[in-house]
Amino acid sequence: MSPGAGVTSVAELTMTCLGFTLWSFLGLLTLPTLSRQAAFAIDNQGVARGVPSASLTRSLCIIDQQQDDEQERPRIIETIFHPVPSVGRRHDRGKASTPIAWHVARTALFLSWACMGLLVRAVHCNVGRPELWVMYPTD
């Protein structure tokens, strides 16, 4: 995975930790796209099963206030940093081509604890909010 990585010396352990941190960072840049598709898919399924659109939007607003409190955000910022689409984008009912794993980036961060990843609790939405360290309130 990473040159010089291992667990038999402090230097190797440090390289292992840094390698997993690098992989975690790359995952944070790519995995949110998969999670956004899952959010669109579940919204569309809810509407298809009879959940009134107004109720869904009202619920999304309440949940968003507990999390990021950003009903709209620039698309580039959302693309890179946010696994859950903004309320505005979810209200527009983006189409998901295929349902994909829910919160895959967050789950990958949580699991990186076992591999000594340093980014686990440093992502912007988790700093100082230990209640969100494992799962969002929506889960």
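The values are calculated or read from the model by the stated rules, or taken from the named source; none is laboratory data. In this text, all values refer to a predicted model and were calculated from it rather than measured experimentally. Cβ atoms come from the backbone with ideal geometry, glycine included; neighbour counts cover every protein chain shown.
Some values worked out for this structure:
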| read-out | value |
| --- | --- |
| Options Arg49, Arg73: the member that is among the charged types (D, E, K, R), out of contact with any helix residue (DSSP H, G or I) (no Cβ under 7 Å at 6 or more places or on another chain) and crowded, with 16+ Cβ neighbours inside 10 Å | Arg73 |
| All positions within segment 65-78 that are modelled with pLDDT under 75 and under 13 Å from the mean Cα position of the chain (by Cα) | Gln67, Asp68 |
| Test: residue in segment 43-59 that is among the small types (Gly, Ala, Ser), in a loop (DSSP other than H, G, I, E, B) and within 22 Å of Leu111 (Cα to Cα) | no |
| Residues that are touching a helix residue (DSSP H, G or I) at 6+ places or on another chain (Cβ under 6 Å) and surrounded by 15 or more Cβ atoms within 10 Å (Cβ to Cβ), drawn from segment 3-27 | Ala5, Phe20, Ser24, Gly27 |
| Selected residue (only one of Thr14, Thr30 is within 26 Å of Met116 (Cα to Cα), part of a helix (DSSP H, G or I) and more than 16 Å from the chain's Cα centre (by Cα)) | Thr14 |
| Criterion (basic (Lys, Arg), surrounded by 15 or more Cβ atoms within 10 Å (Cβ to Cβ) and over 15 Å from the mean Cα position of the chain (by Cα)) met by exactly one of Arg106, Arg58, Arg89 | Arg89 |
| Pairs where the first residue, in segment 40-56, is under 11 Å from Arg90 (Cα atoms) and the second is of a type in the set (Ser, Thr, Tyr) and exposed (fewer than 12 other Cβ atoms within 10 Å of the Cβ), C-beta under 8 Å, 6+ apart | Ala41/Thr98 |
| Test result for Arg90, among the basic types (Lys, Arg) and modelled with pLDDT under 85 | yes |
